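Data block below; observations after.
Since every read-out is calculated from the coordinates, none of them should be taken as a lab result. Please read these numbers as outputs of a predicted model, since none were measured by experiment. A quick note on method: Cβ atoms are made from the backbone with ideal geometry, for glycine too, and the neighbour counts reach across all protein chains shown.
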Amino acid sequence: MEELILELKKEIIEVLNLEEMTPADIDENAPLFGEGLGLDSIDALELIVLMEKNYGIKLANANEGKEIFQSIKCMADYIAAHRTK
Amino acid sequence: MIVRLSDNIVSPLGFTTEENYSAVERGERGGKYYEGLFGIPEPCYVSLLDPVVVDSRFSAMCHSAHERYTKLEKICIISAADAITKAGVDASDKRVIFILSTTKGNIDLLDNRNDFENGRENLWVSAQLVSRYFGNPNEPVVVSNACISGCAAQVAAMRCLQCDGYKYAVVVGADVLSKFVISGFQSFKALSQQLCKPFDKDRNGLNLGEAAATIVYAHPDVARISQDCIVMRSGSLSNDANHISGPSRTGEGLYRSICRTLDGYDVSNLAFVSAHGTSTPYNDDMESMALMRAGLSEIPVFSLKGHFGHTLGASGVLETVMSMHALMNGCILKSEGTENPGTVQHVNVNMQMRKTDGRAFLKLMSGFGGSNASILIEHKKSTDFDVDNRLNDNKVRLSIQSYCRITDDTVIVGGQNIVTRDLSSDVTWLSQIYKSIGLHYPKFYKMDNLSKAGLLAAEMLMPESQDIPKDDWSVVVLNRSSSLDDDKAYQETISAENYYPAPSIFVYTLANIVTGEISIRHKIFGESACYIFEHFDETKLEQIIRDTFSDSQVRVIIGGWVEYYDDHCDVLLLRVHRDDVGIELTKDNIKKIY
């Protein structure tokens, strides 16, 4: 799981262009939206693409992401349980 | 005020306004279900113009040149030809200006060139082909302001006629659909999997559509008003200064636009509001907020998206034409697709076509980049014709109080070279500038290069005191390549082999997003607008800035040329004030500092 969390942090930094951040700066339990990383609705859509592209998980609508994208830890748990690649 | 002479609509429902109006009266809807359209894996409901029918219509009017035009150009020409003929205007007259409203033009050529030359996807190329077809000698204006383009183009027409000496404006709005456009909206989860339901409690997204529409406007001096006519009385653009894709939850920009457009107008004249009504949850709620705040909750409202879908650059023109004809017929159209109205604020959605004796309507549009527009259209009796010219004299003295020039290797602010490119660095040129000026705005890294370049230039020419209110400031950008730099990046995400449409790239595939980013960063709520021309031209730049100042509420404009394409940066951004301190805004002075 630790490996997956680190991999996710790196992917999110790259995909969301969090240029001035390193994996160590991201708390896997902190909220991704609002406070915490301060991501917005376009970032949420991009996370949906990331899930499909890298892990073969397809979310039908953006609302499903609300639960999954609470934190990096939540994302990692969901991916571990549902990944197809 | 400007006078409508004629109009046309080309859509799947018909090739004239009359055919379209009759189809709408019969309740017809253009949207159909498609699987595998353009090779897109997800199914969708869209309203498509049959290319065979378009070709046949075009061949009937233009025998030899059939293969020389794209589908987009053909529908523009078919639509404009009908309207120009009905107006009885000689389109080759130099007093006629063509204005094209489009968001993506020939962008489908990035996927399949079909023997069309490189560069044909430039919006100014399509506009020139259309205006030259009619022998018009003037360089056409392209308005590319995302979904509000069609209304913004009509505001531009009003200024061309009232301020720039033109007597006739041919406003053409058009867009066609492609893998590029549909996949982008799908990546935003914005498309409904059924026919759309504007303002409905169960609405869940929009349907896209193809169309072209034209309005020929005239200056009152030449309109020969002998009978009742339709006029565009006023119009304005405002920015939410909030988010580049999400509508303001408070309807801020649209509310401000409505207030400015209706300024002093007796709203009891309003027969209806022709809403944007896309059928996305957020847009329709936002419109309900703006209407409530403007005190218009009880005015009947309809959306035409249920009939035509969202026709993007055509929609502002097409929906204005349909609403003009409803007004002339004394009718309020039905909001097709709405079954159980349900928005965050009450909206008086018109559920059945009915009669009205109202004499005016308000057309609303909102779009990406935080942009909003409203225009006021009135049915005037020949007996009460007063030439109501709300625009001010645009010859007032305007001054350039600061300017920023960015080329491929230097940044000059107010004549001083403040950054020189380190060619040995592996940091990109725009990131070098960002770091050099000490800006801390992490969102910068998420932007496309066009927005980065505009944002950096705006940052450097802001006054030292950043916290002065900017409610009455505007942002106006001209360029050549529109968002083509980012368009190509997006195209790479939708190849057949590696199809993962990227929403964060798609959102920047609109040239006006740079104006939105500047507006958000500096809390600028006034007009934000984007125009496309073939070349930098100091005369056009001065003219468009002056025209924008013809709105008496505008005090300051951040305006200029912001071009970024294929690693080449060419920016001249000005901070222009309505006063006489600083360099006078003239074409010669602009040329000197370019």
Query - Around B:Arg224: net Lys/Arg minus Asp/Glu count, Cβ-Cβ under 15 Å - result: +2
Requested in this report: List B:Lys540, B:Lys380 from most exposed to least, where exposure is judged by having the fewest other Cβ atoms within 10 Å.
Outcome: B:Lys540, B:Lys380
Query raised in the report: In a solvent-free Debye calculation with one equal scatterer on each Cα, what is log10 I(q)/I(0) for the range B:399-593 at q = 0.16, 0.17 Å⁻¹, listed in the order of the q values?
Result: -1.01, -1.13
Query raised in the report: What FRET efficiency would be calculated for the residue pair B:Val344, B:Leu423, taking the C-beta separation as r and a Förster radius of 56 Å, to the nearest 0.05?
Result: 0.55
Query raised in the report: Amide H of B:Val419: which non-local residues (sequence gap of 5 or more, or other chain) have their own amide H closer than 5 Å, using H built in the peptide plane?
Result: B:Val411
**Report entry** Amide H contacts under 5 Å for B:Phe116, placed H, 5+ residues apart
**Finding:** none
Query raised in the report: Can you pull the percent of Cα pairs in chain B with separation above 45 Å?
Result: 10 percent
Report summary line: Per the charge dipole of the protein assembly as shown (beta-carbon charges, Lys/Arg positive, Asp/Glu negative, Cα centre), the residue among B:Gly526, B:Ala458, B:Pro43 reaching farthest to the positive end is B:Gly526
Requested in this report: For the range B:351-358, just list the computed ³J(HN,Hα) in residue order, Karplus coefficients 6.51, -1.76 and 1.60, θ = phi - 60°, integers in Hz, with x standing in for Gly and Pro.
Outcome: 8, 9, 4, 8, 7, 8, 10, x
Query - DSSP beta bridges in the range B:2-384 [antiparallel fraction, %, rounded to 5] - result: 70 percent
Query raised in the report: Can you run phi through the Karplus equation (6.51, -1.76, 1.60; θ = phi - 60°) for the range A:76-85 and list ³J(HN,Hα) in whole Hz, with x for Gly and Pro?
Result: 4, 4, 5, 5, 4, 7, 10, 5, 10, 8
Query raised in the report: Counting only residues 5 or more places away or on other chains, whose amide H sits under 5 Å from the amide H of B:Ile332 once H atoms are built in the peptide plane?
Result: B:Arg354, B:Lys355, B:Thr356
Requested in this report: Please give the contour-minus-distance gain from B:Ala65 to B:Thr250: 0.36 nm per residue of separation, less the Cα-Cα distance, rounded to one decimal in nm.
Outcome: 61.6 nm
Requested in this report: Check each of the GluC sites (Glu not before Pro) in the range B:10-84 and keep only those in coil by DSSP with at most 12 other C-beta atoms within 10 angstrom; list them in order.
Outcome: B:Glu35
Query raised in the report: Fewest first, what order do A:Glu14, A:Glu28 take by the number of other Cβ atoms within 10 Å?
Result: A:Glu14, A:Glu28
Query raised in the report: Considering only DSSP beta bridges whose two residues both sit in the protein assembly as shown, what percent are antiparallel, to the nearest 5?
Result: 70 percent
**Report entry** Point-charge dipole on Cβ atoms (K/R +1, D/E -1) for chain B, about Cα centre, debye to 20
**Finding:** 880 debye
**Report entry** Per-pair calculated FRET efficiency, R0 = 60 Å: B:Gln553 and A:Lys85 via Cβ, rounded to 0.05
**Finding:** 0.60
Query raised in the report: Antiparallel DSSP bridges in the range B:399-593: what percent, to the nearest 5?
Result: 70 percent
Query raised in the report: Between A:Glu7 and B:Gln194, what is the FRET efficiency for a Förster distance of 35 Å, r being their Cβ-Cβ separation, to the nearest 0.05?
Result: 0.35
Query - Spin-label model distance (nm) - B:Lys591 vs B:Met351, 7 Å beyond Cα toward Cβ - result: 6.4 nm
Query - Cα centroid separation, the range B:510-560 to the range B:238-305 (Å) - result: 22 Å
Query raised in the report: Residue-wise, which Karplus ³J(HN,Hα) couplings in Hz belong to the range B:523-530, taking 6.51 cos²θ - 1.76 cosθ + 1.60, θ = phi - 60°, and x for glycine or proline?
Result: 6, 9, 9, x, 4, 10, 8, 9
Report task. Within the set of other residues whose C-beta is less than 10 Å from the C-beta of B:Cys62, count the net charge using Lys and Arg as +1 and Asp and Glu as -1. Result -> +3
Query raised in the report: Can you list the equivalent-ellipsoid semi-axes of the protein assembly as shown, largest first and in whole Å, using the square root of 5 times each Cα gyration tensor eigenvalue?
Result: 37, 31, 24
**Report entry** Point-to-point label distance, B:Val581-A:Glu35, nm (Cα→Cβ direction, 7 Å offset)
**Finding:** 4.3 nm
Query - Nitroxide proxy distance, nm - points 7 Å out along Cα→Cβ at A:Thr22 and B:Gln432 - result: 2.6 nm
Query - Binned Cα-Cα distances of the range B:1-82, short to long, each 5 Å bin given as a whole percent - result: 3, 13, 20, 18, 18, 15, 10, 2, 1, 0
Report task. First select every other residue whose beta carbon is under 15 angstrom from the beta carbon of B:Tyr499; then total the charges, Lys and Arg +1, Asp and Glu -1. Result -> -2
Query - Difference of contour (0.36 nm per residue) and Cα-Cα distance, B:Ile225 to B:Ile468 - result: 82.9 nm
Report summary line: Exposure-ranked with fewest Cβ neighbours within 10 Å first, B:Thr102, B:Thr515 stand as B:Thr102, B:Thr515
